[in-house]
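The block underneath contains the structure these notes are about, expressed in structure tokens.
The values are calculated or read from the model by the stated rules, or taken from the named source; none is laboratory data. What you see is a predicted model, and the numbers here were worked out from it, not measured in a lab. Methodologically, a virtual Cβ is constructed for each residue, glycine included, from the backbone with ideal geometry; neighbour enumeration extends over all protein chains shown.
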Amino acid sequence: MKAGQIIAPEQIEIVEAERPDLALEKSDPSALKDKVLIRTVNAAVCGSDHLLFMGNGTYPAPVGMSLHESIGIIERSWTDGCKEGDLVLALPTSSNAMAEYFMGLGPSVVPLPDGVPQEQLLMAQPLGTVIYCLKRLGHWFNAEVAIVGQGPMGLLFTTMMRNMGASLIIGIDQHDNRLEAAKQMGATHTVNISDTDPIEAVTEITGGRLADLVIEVVGEEDSFNLCIQ
């Protein structure tokens with residue numbers, strides 16, 4: 001099969017690799033239990049995938065890494081409830097979906113409906129992460145919330161806070177197009193930090209109360225420090 005391999009920071013090569021199910025049949029057939037072989041159809045790049053690509057790793061990296069938000073078709077199954085030919089949302093067992101085929105764990109495979117664009121279905125994986133986080137946070141009905149970062153994950157937090165009943169949702173970012181998307185996803189206010197002091201803006205919007213909850217969705221030191229303020 002063909003697969004991507006990060007051979008050095010910011011360098012990917014297409015290589016030939018053994019299909020993972022065939023490799024396991026040779027080395028450890030018992031390891032196929034509860035697994036499925038999935039042919040990759042579509043995938044999304046998570047922020048965590050950037051780390052290996054940008055230089056935070058050992059090179060050459062393992063074949064197929066790093067990619068884990070993926071949709072594919074089951075080609076072979078060694079578990080109940082997963083049928084060959086099904087279109088599924090699946091997590092690769094080794095974050096190695098940058099390949100024609102990868103192994104998934106049967107219990108984590110989710111069959112997908114027909115008629116929904118795959119780029120929308122792919123968002124179910126990061127949305128699951130957001131829902132898990134919000135469950136741990138508890139109830140925030142009628143809360144005033146600031147969300148720092150309005151990329152894909154930030155936008156999902158924005159729409160989920162709207163669904164949870166937050167009365168005021170402030171989307172904070174430095175890109176106008178993301179802030180426009182934030183309004184569509186449920187933000188009641190937006191702040192562009194490239195031309196506005198976010199602390200002053202949030203103070204004014206909340207009438208001096210500041211936010212009940214601040215969610216950081218950037219992963220940078222400066223944005224963490226901003227949230228603490």
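Things worth noting here:
- From G64, G47, residue being at positive phi and assigned to a loop (DSSP other than H, G, I, E, B): G64
- With respect to the conditions (1) modelled with pLDDT of 90 or more; (2) surrounded by fewer than 16 Cβ atoms within 10 Å (Cβ to Cβ); (3) under 24 Å from E18 (Cβ atoms), I74 lacks only one, and its number is (2).
- Any hit, the range 132-147, residues being modelled with pLDDT under 95, more than 30 Å from G57 (Cα to Cα), of a type outside the set (A, V, I, L, M) and surrounded by 16 or more Cβ atoms within 10 Å (Cβ to Cβ): yes
- Checking each residue of the range 70-84 against the condition of being under 18 Å from the mean Cα position of the chain (by Cα) and hydrophobic (A, V, I, L, M, F, W, C) gives at least one match.
- Filter result for S94 (part of a loop (DSSP other than H, G, I, E, B), touching a strand residue (DSSP E or B) at 6+ places or on another chain (Cβ under 8 Å) and small (G, A, S)): yes
- Residue count for the range 72-87 satisfying the condition of being assigned to a strand (DSSP E or B) and out of contact with any Leu (no Cβ under 6 Å at 6 or more places or on another chain): 3.
- Some residue of the range 149-162 being closer than 23 Å to G47 by Cβ, over 20 Å from the mean Cα position of the chain (by Cα), aliphatic (A, V, I, L, M) and at pLDDT 95 or above: no
Every residue, every condition in (1) touching a residue at least 60 places away in the same chain (Cβ under 8 Å); (2) within 20 Å of H139 (Cα to Cα), yes or no:
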position: F157; (1), (2): yes, yes
position: G171; (1), (2): no, yes
position: L179; (1), (2): no, no
position: A187; (1), (2): no, yes
position: I199; (1), (2): no, no
position: G219; (1), (2): yes, no
position: I228; (1), (2): no, no
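- Check on P107, part of a helix (DSSP H, G or I), within 17 Å of the chain's Cα centre (by Cα) and farther than 25 Å from I14 by Cβ: no
- In the range 175-182, the condition of being touching a strand residue (DSSP E or B) at 6+ places or on another chain (Cβ under 6 Å) and closer than 26 Å to A44 by Cβ is met by at least one residue.
- From I38, I74, residue being under 19 Å from L91 (Cβ atoms) and in contact with a Lys or Arg (Cβ under 7 Å, 6 or more places away or on another chain): I74
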